[in-house]
Every structure is written in structure tokens, then in C-alpha cells.
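Before any comments, here is the structure.
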Amino acid sequence: MNNAGGESTGTDEPGWEVDPDDEQSVAVVAAVGRQLKLWREASGMRAAEFGAAIGYGEDLVYKVEGGKRIPRPEYLERADVLLGAGGKIAAMAADLAAVRYPKKVRELAKLEERAVELAAYGNHNLHGLLQTKEHAQALLGTRRPVLSADDLERAVAARMSRQSIFERSPAPDLSFVQEEASLLRPIGGTMVWRRQLEHLLDVGKLPYVEIQVMPIARWDHPGTGGRIQVLKFADGSAVGRADDEFGGRPVSDPRQLRILELRYGTIRAQALSPRESMALIEEMLGET
């Protein structure tokens, strides 16, 4: 709950719960929490007094100091100023940023950060790297069991953080093939859908990005079994996965990767060209 000034006053303040099975996250958050507690106690402030001074509840202060919750950067910034830490507390934000998102997302993001080529086929939903924030929020909101507001926000933030791949220099070569059906479903309603289509047109203009659409009428291609993705790295290695092959697990064996590349190459050849695909998306946008 927020007060009129926009600051949190209850026990459900912004932040993320720590996954007890994520050893790296647990260790980092616990270390940061201990440091925060030492700084607070050295100042002579009680938890309730400290929380009130930086605009957060006492319960959150105890959770953060106990390593049970990941504080947001603004929490650290306010604590740094209040305790006169000279930037030492605020600097901890960099450590927390490395464990802020779920382990699986962090591992995927690391692979994407290293990739010099990415090839991805999606047959049901848009690839996460192509989604707008509003689209991702609406899409993730359809999960069952329903995600809590806290988990939903964290999942959306994690997905959006991966899109830093578009800002890399030198840029990787990115190839996406999306089933036409994934573009026709108005996820989030008409306005969110329109903004998503506009976003695809913008991303498709980037010189290192190719977006292709597989028409619904083309059914005889090797993508009917689900998603396919292949990431290639500068050292010549690669990793890939497909929903219906190798148990859905990531693979790096050249013989297995050859199968995925063959599938993706065939799919790409049967899809509309990038120019035809952009024209189709523009047509969809006009019809909305």
C-alpha cells in the first residue's frame, strides 16, 4: 500500500522474495542484508525508526536484513543517504542486480548475452525478446495458478531486461519466425495488441534483425511440434532446444544441433520473406 507521497508504508513493499533453492541468490542477498543491518545498528537506529525514515515498513526492514527479500535500488539509495554511507550501500545494487531475477531467466540471459547469432521459431506466443512490456504483462497474467502481483512484476521485469540484447555492440544477428496465429491473438486487448504490432515493425527495421511470418495456410513444415531456438557463440560453440526433440532439454552436441538447424532452415525457407512479413504486419495493424 502506498501513501499520498507514493512511498510504501505497509509490509508488502516493493521487492522480491528470495528463492531458497537459488544458492547464488540466497548467498548474495544474505550478505547484503547483513551489511545493511550493521550500518543501521552502527547508527543507533531501530528497525522501525529506520524504516519510517526511508519510507518503508518495519517488516520489510527485517526481511531485507534477514536475507529473505531482495530490496530495490531505491531502498539502498535512501539507506545510503540516511546512514551517510557515501555510496557504499548504494553500490550493493550491482550485486543484487546479478541475482534479481529467477535462476532460469538469468541463465538464459547469460546465453543470449554471449550469442553472436540467435534463431528462434515460435508457434504459439511471440518470442520474449519481441514482446512489449504490456504484452508480456498480459500474457504472463494468463498463467494458472495465477501469479501474485509481486511474482508477475518480477517476471515481466526479467523478460524486459533480456531485451538489452538489441543494444549490444557489435549487434548479434537475430532471426525470428513467428506463426501468423501468434500475431492475430489480441493479447491484452486491442490497444496493447496494436502497440505490439507497431513494436514488431520497429524491431524489424533494425539491420541485424529479421522477422518472418509463417502463414497459417502453410501446415507442412517441421515446426508443428513446437518452439525451436538455436544460439551460436563467438568461439564456434552453440546451444539449442526444441519442444518436441531431445526431451525439450538444451543440447550442444553438433549432431543434435544439426537437426535443429535443419528444421529451422526449412521453416525459414517456407515462411514469408522479411519484407513480405512486415507488409503483412502493417496490414494487420490497419485492420485493427
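The values are calculated or read from the model by the stated rules, or taken from the named source; none is laboratory data. This is a predicted model, so every value here is computed, not measured. In this analysis, Cβ positions are derived from the backbone assuming ideal geometry, glycine residues included, and neighbour counts consider all displayed protein chains. With ligands, DNA and RNA removed, areas are computed over all heavy atoms of the protein, side chains included. Shrake-Rupley method; radii C 1.70, N 1.55, O 1.52, S 1.80 Å.
Quick notes on this structure:
- For the stretch 128-204, trypsin sites (Lys or Arg not before Pro) meeting the loop criterion (DSSP other than H, G, I, E, B) and having at most 12 other Cβ atoms within 10 Å: Arg143.
- Surface composition of the chain: carbon plus sulfur atoms hold 52% of the accessible area, using a 1.4 angstrom probe and ignoring ligands, DNA and RNA.
- Whole-number accessible area per residue in Å² for the chain, which is evaluated in the context of all protein chains at 1.4 Å: 52 Å²
- Close amide H partners of Glu117, meaning residues 5 or more places away or on another chain with modelled amide H under 5 Å apart, are Asp173, Lys232.
- Tail fraction, Cα-Cα pairs, the stretch 36-109, threshold 17 Å, whole percent: 43 percent
- The three principal axes of the C-alpha atoms in the stretch 223-281 carry coordinate ranges of 37, 28, 16 Å, sorted with the longest axis first.
- Cα gyration tensor shape for the stretch 142-272, rounded if a/c is under 1.5, else prolate or oblate: rounded
- Where the Cα pairs of the chain fall when distances are cut into 5 Å bins, in %: 1, 5, 11, 13, 14, 14, 11, 9, 8, 6, 5, 2, 1, 0, 0
- Of all DSSP bridge pairs formed entirely within the chain, close to 55 percent run antiparallel.
- The mean sequence separation of alpha-carbon pairs under 8 Å and at least six residues apart, normalised by the residue count of the chain, gives a relative contact order of 16 percent.
- Converting phi to 3J(HN,Hα) with the Karplus coefficients 6.51, -1.76 and 1.60 and the offset θ = phi - 60°, the stretch 187-196 yields 4, x, x, 4, 5, 5, 4, 4, 5, 5 Hz in sequence order, with x at every glycine or proline.
- Sites Thr224 and Asp95, calculated FRET efficiency, Cβ-Cβ separation with R0 41 Å, nearest 0.05: 0.40
- Between the alpha-carbon centres of the stretch 223-288 and the stretch 146-160 there is a gap of 26 Å.
- Using only side-chain charges placed at the Cβ, +1 for Lys and Arg and -1 for Asp and Glu, the dipole size of the stretch 76-139 relative to its Cα centre rounds to 180 debye.
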